[in-house]
Amino acid sequence: TLRLHVVASLDEAIEYYVETAPDDTTQIPYYTHLWDSAQALAEVMASQPERWPGRRVLELGCGLGLPSLVAARLGAEVTATDFHPHNGPFLIANARENGLEPRIRYERLDWRRPHLSGSFDVVLGSDLIYEGEMVTPFVTCATRYCAPGGSLWFADPGRQHLQRACTALEQAGFTAALEVRGEVYVVLFTRASSPAPPPQT
């Protein structure tokens, strides 16, 4: 059982940002809502608890951070990331609420200019490619940060760019296994132990 801080109304949050930052699409507060893909990913993760103890985990576009919290609860060391400038306090509050703050750190991350160093055993992501322009940066980040022999756990509600992302990841040396949870596709990508050529997107 995990407890999450959320906003009472996503519509009201969107209205606030429309009024305060009408020309900045990066301010849309998607991070304030618990999306079905995050829940589906968390369920699949929790069904395989043996995979997480001692793992170095990176979540891309974490939002409220449910997958990060599950990974930390199951024994992983987690770096949760998002680009929205107001996401950090929500993630930190949720980690603290569940007694997981020591296992989770937060970084603001722009996929187009990734600055984190090192690699991770597991990269997590849920419902990240709702716009076509996000596919290439997402694949680039996943490839950059997933260690050889590591894995990428990705959940998507079947958006139109999913196949394009999967193809690019396979070209980058990942193999995929699919699990369906309700209306969400959860894809477990395993990266080859030796590097592959850069992906074509």
Next on the checklist: For the chain, what does the accessible surface come to per residue with a 1.4 Å probe? Please give it in Å².
Outcome noted: 49 Å²
Item to check | Dipole of the chain, positive direction: furthest Cα of 32, 139, 84, with charges on the beta-carbon | outcome: 139
Item to check | Accessible carbon and sulfur surface of the range 35-101 relative to its total accessible area, %, 1.4 Å | outcome: 52 percent
Next on the checklist: When the expected Rg is taken as 2.2 N^0.38 Å, what fraction or multiple of it is the alpha-carbon Rg of the range 16-99?
Outcome noted: 1.18
Checklist outcome for this item: Quick note, the range 71-111: a/c under 1.5 would make it rounded; otherwise a/b > b/c is prolate and the rest oblate (a ≥ b ≥ c, C-alpha gyration tensor); here it is oblate
Next on the checklist: Kirkwood Rh over alpha-carbon pairs of the range 119-178, then Stokes-Einstein at 37 °C and 0.692 mPa s: what D in µm² s⁻¹, rounded to an integer?
Outcome noted: 285 µm²/s
Next on the checklist: Using a 1.4 Å probe on the protein heavy atoms only, what accessible surface does residue 104 show? Give it in Å² to the nearest 10.
Outcome noted: 20 Å²
Checklist outcome for this item: In terms of the alpha carbon gyration tensor, root eigenvalues a ≥ b ≥ c, rounded if a/c is under 1.5 and otherwise prolate when a/b exceeds b/c or oblate, the range 1-56 is prolate
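The values are calculated or read from the model by the stated rules, or taken from the named source; none is laboratory data. Everything numeric in this text was worked out from a predicted model, so none of it was measured. Neighbour counts run over all protein chains shown; Cβ positions are idealised from the backbone, glycine included. Each accessible area value is taken on the protein alone, full model and side chains, heavy atoms only, with ligands, DNA and RNA left out. Shrake-Rupley method; radii C 1.70, N 1.55, O 1.52, S 1.80 Å.
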